[in-house]
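One structure is given here, and the rest of the page talks about it.
Please treat every number below as a calculation from the coordinates, not as lab data. Just so it is clear, the structure is predicted and the values come from calculations on it, not from any experiment. We place every Cβ from the backbone using ideal geometry, glycine too, and count neighbours over all the protein chains shown.
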Amino acid sequence: MENKIEQIKKEAIECINNAQNSKMLEEVKNKYLSRNSEINNLKKGLKDLPNEQKPVIGALLNSVSNELNNLFEEKNNYFYKKELDERLLKEKIDVTLDGEYIPQGHVHPLTQTVNEIVEIFNHLGFSLINPQYSPEVEVEKYNFDMLNFPKEHPAKDMQDTFYCEGAENVILRSQTSNSQVRQMLNSRPPIKVISPGRVYRNESVSARKNNLFHQIEGLYVDKNVTMAQLKGVLNEFIRLYFGSSRPTRYRSSFFPFTEPSVEIDVQCIMCQGKGCSVCSKTGWLEILGAGMVDPNVLKGVDIDPDVYSGFAFGMGVERLTMLKYAVDDIRLFFNNDERFLKQF
Ligand code: DAH
């Protein structure tokens, strides 16, 4: 029996010495010191030994397992330290190295303009429309008919407006003015809202035109709303958006849903009014249409034009962004070329 124990001890010590790393050592430990190990089984068999052998073998087994435990412990500490040192060396970082450049995204220039304009109009007392009243997919009735467009108006032509196949009278809205109708059908004056969104036109794409673009619509309906107020609000908007130095002019115009109607031009930023290809040699660029809400439109939404009046306006977001930052091609906003976007 003693010999057998000595033999196990010898074997175990050899294995401990041969272990190359903590993982191998762990395996050796499982083999020689776990509950199913040979030594432990011998301990369990002590009770069957003759009485006089019990204390001798028992003491021997205890001393062997203590000795082996100590050896394991010692070698384990050695491996722990060695492996930690190796890892620290391998994972060492040089804090003096330059950091890695992580590019950061930002808000698209058109969205920046929309946010800025909405903020200006909030400041002037307009609140953001409930988006439910400003859908991009619209019926002709709200995009045209209720805005006083005659049945045969050329804007309704297939060439200008995108019609949905298979759904009669459903279109992609050609203007944010549809939101005027929905707002007035769903609320009573005083109404003072601003409505930004995408619009669509079936036109050929060029440096000045895209078939998707953005507009911001404004509507103010109350008692005694006047053209003078319209001018006051829009002049203040232009002053806040461009700064006071930008020359502007009002031109009389026509829209089916406003009477009288105006268009506002801002001096071309590319040529400072001298005339260039961007402004078709006129020195001016149109930024918005506006006017007093036509009494017919008010009647159509059951607002009495003898009691109430209103003004409305619609502006092009791309135009306004181009004018502020001297961007000469509208397509740049939609190509997602980082070299362009990074500049904002
Ligand atoms: N919806 C017009 C367009 O897309 C712009 C416009 C003109 C909007 C006059 C208005 C307005 O609200 O009063 O050309």
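Computed 3J(HN,Hα) for the stretch 301-316, one whole-Hz value per residue from the Karplus formula 6.51 cos²θ - 1.76 cosθ + 1.60 where θ = phi - 60°, is 10, 6, 10, 6, x, 7, 9, 10, 9, x, 10, 9, 8, x, 10, x, glycine and proline marked x. Applying a 4.7 Å cutoff between beta carbons, the unpaired cysteines of the chain are C15, C164.
With contributions of -39500 (n - 2.57) from each DSSP H run of at least four residues, the per-residue ellipticity at 222 nm computed over the chain stands at -13000 deg cm²/dmol. Within the chain, the selection of entire DSSP H helices by a Cα span of 20 Å or greater along the long axis and an average Kyte-Doolittle value of at least 0.5 returns 227-242.
The distance between label points at L88 and L46 comes to 4.2 nm (points 7 Å beyond Cα on the Cα→Cβ vector). DSSP beta bridges fully contained in the stretch 109-341 are about 95 percent antiparallel. With both labels modelled 7 Å from their Cα along Cα-to-Cβ, the F340 to N235 distance reads 3.6 nm. The tail of the calculated P(r) for the stretch 2-91, taken as Cα-Cα distances beyond 21 Å, holds 38 percent of the pairs.
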